Amino acid sequence: AQSVTQPDIHITVSEGASLELRCNYSYGATPYLFWYVQSPGQGLQLLLKYFSGDTLVQGIKGFEAEFKRSQSSFNLRKPSVHWSDAAEYFCAVGPFGNEKLTFGTGTRLTIIP
Amino acid sequence: GAVVSQHPSWVICKSGTSVKIECRSLDFQATTMFWYRQFPKQSLMLMATSNEGSKATYEQGVEKDKFLINHASLTLSTLTVTSAHPEDSSFYICSAEGGQRSNQPQHFGDGTRLSIL
């Protein structure tokens, strides 16, 4: 069975500081990995996705993520956060074809001035 | 980019009533739509997978008679919460997947907050 672990429930960083959100997955085949962001009371917006190719993927809003098969990880990074980045971030894994995504429990990001 | 519209965004109703939530793909044909439920400060739990013209596939533990799903066209799926009770209060989110299997991600609606009094 596939699963996703986001070890950090809540992270607080200062505006302008760098950010890394952790994601570990368990999947029997080649995973299809996603990072989504959710603002309060809203749906999910796709930040980036990985299926194959370059293991460092670039997404929207200055985010990037690196797939490390040996560590079963797909951590999300941003070199300098902005106050508008405060939100809930979800990592997800699924098969190619995008059916039945499994989501992590999310990491809530708080930005302090 | 692909847009999924979900309506209503917020509904409050009395216990015992039925509530219908619509999910529309605005600029693409969605062969598959998904319905999720999200409890406060928790992750998304897949409730069911809806394919156009066929019966929805429900996840284990989801009452299909309670949560009626209809995917009548390639751009519209509806979730009806029948005889809603306070424990049905939650945030419901739909997503849509378009076209043949590819690396197209699911596109999510903005969610519907359902509050049952």
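The numbers here are math on the coordinates, done by the rules we state, and not lab data. Given the structure is predicted, the values throughout are model-derived calculations rather than measurements. Quick reminder, even Gly has a Cβ in these numbers, built from the backbone with ideal geometry, and neighbours come from all protein chains shown.
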How about segment A:55-107: which of its residues are more than 14 Å from chain B (Cβ to nearest Cβ), in contact (Cβ under 8 Å) with a residue 60 or more places away in the chain and in a strand (DSSP E or B)?
A:K78
Of (1) within 30 Å of A:S52 (Cβ to Cβ); (2) in a strand (DSSP E or B); (3) in contact (Cβ under 8 Å) with a residue 40 or more places away in the chain, B:F28 fails just (2)
Working only within segment A:1-32, note down all residues that are in a loop (DSSP other than H, G, I, E, B) and either aliphatic (A, V, I, L, M) or free of Cβ contacts under 8 Å to residues at least 24 places away in the same chain (or both).
A:A1, A:P7, A:I9, A:A17, A:A29
May I ask you to say which residue of A:G41, A:G62, A:G28 is exposed (fewer than 14 other Cβ atoms within 10 Å of the Cβ) and touching a Lys or Arg at 6+ places or on another chain (Cβ under 7 Å)?
A:G41
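Yes or no, residue by residue, for (1) surrounded by 18 or more Cβ atoms within 10 Å (Cβ to Cβ); (2) touching a residue at least 40 places away in the same chain (Cβ under 8 Å); (3) facing chain A (nearest Cβ under 10 Å):
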| site | (1), (2), (3) |
| --- | --- |
| B:R24 | yes, yes, no |
| B:L46 | yes, no, yes |
| B:T49 | yes, no, yes |
| B:K55 | no, no, no |
| B:E59 | no, no, yes |
| B:F67 | yes, no, no |
| B:H71 | yes, no, no |
| B:T82 | no, yes, no |
| B:G109 | yes, yes, yes |
When every residue in segment A:56-113 that is over 13 Å from the mean Cα position of the chain (by Cα) and of a type in the set (V, I, T) is compared, the one nearest to A:V4 (Cα to Cα) is A:T110
Determine which single condition B:K20 fails, assuming it passes every other condition in (1) within 13 Å of another protein chain (Cβ to nearest Cβ); (2) assigned to a strand (DSSP E or B).
(1)
